[in-house]
Structure formats: C-alpha cells, structure tokens
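The values are calculated or read from the model by the stated rules, or taken from the named source; none is laboratory data. A quick note: this is a predicted structure, and the numbers were derived from the prediction, not measured. Counting neighbours? That spans all protein chains shown, and the Cβs are built from the backbone with ideal geometry, glycine included.
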Amino acid sequence: MPPAVVEQRRQLGARISALEAELREVEAGVDEKALFVPNLPLPDLPDGDAACNVVVRAWGEPAAAGGAPHWEIGERLGIFTSARGTKLAGSGFPLFLGQGARLVRALIA
C-alpha cells in the first residue's frame, strides 16, 4: 500500500476511536439522566388498590376455588420437600426429589 493510504487509515482509526469514546460518554450521560425520568402511569388507569383493577379481557372459565396449593401437592407426590430444602438452603427453597429433580433439570436444559 502507498504510504499516503497507510497514513489515512491510521488517521481514520484514531478518529473512530475518539468518536467511540465520545459516544460512550454521551450514552453514559443519557443513561444517568434517564434514571431521573419518572415512570408515570397512563392517565386512564384507575387509582386505588387491587380491588380497583379493571378486567380488560378474560379467557376460559376461572379455576374452581378450594384446590390444594402447589407446595402441598408437590410434597404429597414426593417430588420436593420444603422442610429439607429449608435446612439445606434457607427459607423458601424446596429440595427437589426423584421425578421433581428430573423435571427441574429438563426445564433448565
């Protein structure tokens, strides 16, 4: 390559590096300013607690009340145990057993 082309490539590389550094600085400033922008709800949303929520659309029939919670069903099926999980890992962590452990591994893979 001619020396003039090599010099032009070097200058362009330096210019690109300077512009990329400036871009990172500007993006960091935008990100920092965005943290102070409030997340305002839409004006047509109702004020209040969960009782004030409006159903926009529903599909199928609601499940019948009175079913057993998943932690009771899992313990009854022998696929996990909460007591042993709590001893091993702390509160709220079940210990998956047998087919439950196999299911968790299949879901993760």
Could you tell me whether any residue of segment 78-89 is out of contact with any strand residue (DSSP E or B) (no Cβ under 9 Å at 6 or more places or on another chain) and either part of a helix (DSSP H, G or I) or of a type in the set (A, V, I, L, M, F, W, C) (or both)?
no
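Select, from Glu20, Glu61, Glu27, the only residue that is of a type in the set (Asp, Glu) and within 25 Å of the chain's Cα centre (by Cα).
Working: Glu20 fails: within 25 Å of the chain's Cα centre (by Cα); Glu61 fails: within 25 Å of the chain's Cα centre (by Cα).
After ruling out the rest, the residue left standing is Glu27.
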Anything in segment 90-109 that is polar (S, T, N, Q) and either in contact with a strand residue (DSSP E or B) (Cβ under 7 Å, 6 or more places away or on another chain) or in a loop (DSSP other than H, G, I, E, B) (or both)? List them, or say none.
Ser91
A careful count of residues in segment 57-77 that are outside any loop (DSSP other than H, G, I, E, B) and either under 20 Å from Leu107 (Cβ atoms) or at pLDDT below 90 (or both) gives 6
Do we have Phe36 as part of a loop (DSSP other than H, G, I, E, B) and surrounded by 11 or more Cβ atoms within 10 Å (Cβ to Cβ) here?
no
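Listed residues Leu42, Leu12; which is farther than 30 Å from Gly100 by Cβ, part of a loop (DSSP other than H, G, I, E, B) and out of contact with any Phe, Trp or Tyr (no Cβ under 6 Å at 6 or more places or on another chain)? Outline the logic, then answer.
Values: Leu12 fails: part of a loop (DSSP other than H, G, I, E, B).
Result of the check over Leu42, Leu12: Leu42.
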Please indicate, with yes or no, whether at least one residue in segment 57-69 is surrounded by 10 or more Cβ atoms within 10 Å (Cβ to Cβ) and either of a type in the set (Lys, Arg) or farther than 30 Å from Gly98 by Cα (or both).
no
